[in-house]
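Student: Submitted below is the structure of interest, expressed as structure tokens.
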Amino acid sequence: MTSHSDSYVRIFDTTLRDGEQSPGASMNLEEKLRIAQLLEEMGVDIIEAGFAIASNGDFQAVNEIAKIVKTSTVCSLARAAAKDIDRAGEALKPAARPRIHTFIATSPLHMRVKLQMEPDAVLEAVHSSVGRARNICEDVEWSAEDATRSEIDFLCRAVETAIRAGATTINLPDTVGYTTPAEYGAMFRTIIERVPDADKAIFSTHCHNDLGLAVANSLAGVEAGVRQVECTVNGIGERAGNAAMEEVVMALRTRRDAMPYETGIATEEIMRASRLVSAITGFTVQNNKAIVGANAFAHESGIHQDGMLKSSETYEIMTPESVGLSKSSLVMGKHSGRHAFAEKLRELGYELGPNAFEDSFRRFKELADNKKQIFDADIVALVDDEVVSEHNRIRVVSLKIACGTEGPQEANLVLSVDGQVKGAEVIGNGPVDATFNAIKKILDMTPHLQLFQVHAVTQGTDAQAEVTVRLEEDGKTVNGQGAHEDTMVAAARAYVNAVNKLLVKREKTAPGDALSA
């Protein structure tokens with residue numbers, strides 16, 4: 001285990017595991033690899049790459065991430081079962097720094113209803129599962145699912161058992177987002193004080209945001225002696241989500257006077273990570289989201305603007321640059337060349353390969369021909385859309401719409417499906433309905449549309465449209481995103497992006513009691 005000062009807080013990012021359990025958030029292998037590489041570049045200490053036994057796709061993701069990540073620890077989740085632990089160990093074989101993360105529920109409710117196990121049997125499962133994991137790798141994390149609704153005496157016994165069996169990290173999650181900061185901090189203090197050899201393990205938080213307290217609870221844990229925080233980019237996760245990594249990290253950085261702790265995160269990469277995860281998952285970040293929202297550094301009130309002009313410190317407790325947000329609004333246009341475009345991409349935190357760069361530059365030129373001024377937000381939307389569609393099996397080739405008050409509304413659509421061009425001409429109740437009906441006809445699919453949302457990337461009638469759709473099929477829900485200066489093209493791209501994710505979902509078969517911790 002790497003030696004750190006007592007004030008160092010390890011960041012355990014579970015975007016690729018717990019974050020992907022968000023309804024609608026499904027990532028393919030290439031997307032997971034891209035996120036894992038960025039998390040490593042940011043300085044994330046532990047990357048939870050997936051749940052190896054959940055599916056062949058999850059196993060492959062953990063295995064491939066283990067091959068490319070060198071400085072961060074790569075972790076796989078496993079239930080307290082021999083087959084889970086062995087599968088995790090197999091997936092992690094290429095890892096330079098592997099960790100197996102095993103768990104079992106410890107609350108009376110979960111033990112009785114979900115596990116149908118007596119407390120002594122649960123303790124035996126803790127001992128055997130941690131011991132088995134420790135025989136595979138030295139770095140073992142054990143989690144007490146639903147810890148915050150567990151009886152403290154039994155939780156102490158379970159933690160003691162896990163440490164004696166070889167666990168090096170003890171995670172006590174607020175699985176259902178139930179606790180408060182005072183309660184959570186008191187729980188950790190009691191456990192650390194009462195459990196023999198507690199000093200041999202690092203304690204960890206894992207908080208869900210059902211009551212909006214995930215970040216506050218995580219920080220309360222840190223103040224109580226915790227030195228690992230489990231979190232996700234943009235706070236994505238099951239139900240109301242997880243503690244947001246960017247909020248935890250920036251709170252510790254900004255308020256060192258009150259919380260004298262540090263992380264290894266390069267905070268200047270935060271916006272880049274936020275945009276990438278948002279683009280890949282299709283989960284748009286709300287405008288008033290702390291740290292990474294569009295309004296986080298915007299000031300409209302006259303009093304606020306006056307103060308900002310005199311000194312940014314009047315209303316900003318951190319700088320935009322500290323989270324990787326460029327203050328520049330340098331206008332790009334149709335006369336801007338490859339070099340200027342490449343510099344702008346670097347400024348915005350993007351590093352594209354040759355093919356992706358050429359595709360983005362081509363689309364930039366097309367946009368510049370139709371839009372007078374191109375701002376940073378336009379380029380972010382354009383590149384993110386390219387990232388979203390880069391590995392899609394299905395792509396929009398062309399779309400023509402006939403619509404208006406006279407009707408009928410008609411869509412003439414051409415798609416590329418696994419390299420094969422297919423087209424359809426379909427009418428509908430409006431241009432959106434016609435376009436989506438055309439997609440369904442070509443693909444012979446009938447998913448249910450749960451959400452259709454449009455917003456303008458920048459101001460003006462020539463602004464790019466960014467469309468988000470949510471589709472549901474057989475209980476599987478996915479989000480899709482698309483951007484284009486033509487709203488209907490953006491809508492088609494968003495729908496097709498969601499369909500591509502449904503295809504990924506079809507290939508996955510999740511186990512019956514995946515961890516929601």
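Student: When the chain is fully extended, how far beyond the present Cα-Cα distance does ALA121 get from LYS67, taking 0.36 nm per residue of separation?
Tutor: Full extension from ALA121 to LYS67 adds 15.8 nm.
Student: For the chain, restrict the atom set to alpha-carbon positions and state the Rg and Dmax in Å.
Tutor: 24.2, 79
Student: Residue-wise, which Karplus ³J(HN,Hα) couplings in Hz belong to the range 143-155, taking 6.51 cos²θ - 1.76 cosθ + 1.60, θ = phi - 60°, and x for glycine or proline?
Tutor: 10, 9, 4, 6, 4, 6, 10, 8, 6, 4, 5, 5, 4
Student: Something else: Could the peptides 171-177, 421-427 be put in order, highest first, of the mean number of other beta-carbon atoms found within 10 Å of their residues?
Tutor: 171-177, 421-427
Student: Too long at a 19 Å Cα-Cα cut-off: which of LYS32/LYS67; LYS67/LYS93; LYS365/LYS400; LYS476/LYS501; LYS400/LYS505?
Tutor: Those over the limit are LYS365/LYS400; LYS400/LYS505.
Student: Report the label-to-label distance for THR319 and ASP199 in nanometres (one decimal), using points 7 Å from each Cα along the Cα→Cβ vector.
Tutor: Computed distance between label sites THR319 and ASP199 equals 4.1 nm.
Student: Once amide H atoms are built 1.01 Å from N in the peptide plane, which residues 5 or more positions from ILE104, or in another chain, come under 5 Å H to H?
Tutor: Excluding prolines and chain starts, which carry no amide H, the hits are SER143, GLU145.
Student: Considering only the chain, what is the antiparallel percent among its DSSP beta bridges, to the nearest 5?
Tutor: So the antiparallel bridges amount to about 50 percent of the total.
Student: Still on this model: GLY43's amide H: which non-local residues (gap 5+, or another chain) put their own amide H closer than 5 Å, with H modeled 1.01 Å from N in plane and none for Pro or chain starts?
Tutor: Residues meeting the criterion, in which the H sits 1.01 Å from N, are ALA266.
Student: Fewest Cβ neighbours within 10 Å first, please rank VAL499, VAL414 accordingly.
Tutor: Result, fewest neighbours first: VAL414, VAL499.
Student: Something else: Sorted by average packing, counted as other Cβ atoms within 10 angstrom per residue and highest first, what order do 273-283, 460-470, 242-252, 358-368 take?
Tutor: Result, highest mean first: 242-252, 273-283, 460-470, 358-368.
Student: Next question, about the same structure. Hey, fewest Cβ within 10 Å first, where do TYR178, TYR350, TYR184 land in order?
Tutor: The fewest-first ordering by Cβ neighbours comes to TYR178, TYR350, TYR184.
Student: Still on this structure, please answer the following. How much mean residue ellipticity at 222 nm does the chain get from its helices, if each DSSP H run of length 4 or more adds -39500 (n - 2.57) and you divide by all residues, to the nearest 500 deg cm²/dmol?
Tutor: -12000 deg cm²/dmol
Student: Please list, ordered by chain and number, the residues whose modelled amide H lies under 5 Å from the amide H of ILE202; skip anything fewer than 5 residues away on the same chain.
Tutor: THR169, ILE170
Student: Another question, then. Enumerate the aspartates and glutamates that LYS371 could reach by cross-link, defined here as Cα to Cα under 17 Å, with residues fewer than 8 away along the same chain left out.
Tutor: ASP462, GLU466, GLU485, ASP486
Student: Can I ask one more? Contour minus end-to-end for HIS455 and THR180, with contour as 0.36 nm per residue of separation and end-to-end as the Cα-Cα distance?
Tutor: Net length gain for the segment: 95.4 nm.
Student: Next up: Between helix 354-370 and the chain, what is the angle of the helix's C-alpha long axis to the longest principal axis, kept within 0 to 90° and rounded to the nearest 10?
Tutor: 50 degrees
Student: Once phi is turned into ³J(HN,Hα) by the Karplus curve 6.51 cos²θ - 1.76 cosθ + 1.60 with θ = phi - 60°, what whole-Hz value does each residue of the range 264-281 show in order, with x for glycine and proline?
Tutor: Here the 3J(HN,Hα) series is x, 7, 7, 5, 5, 9, 4, 5, 4, 5, 4, 5, 5, 5, 5, 5, 6, 7 Hz.
Values quoted throughout were computed directly from the atomic coordinates according to the rules given, and no laboratory measurement underlies them. What you see is a predicted model; the values in this text were computed from it and never measured. Neighbour counts are summed over all protein chains in view; Cβ atoms, including those assigned to glycine, are modelled from backbone coordinates with ideal geometry.
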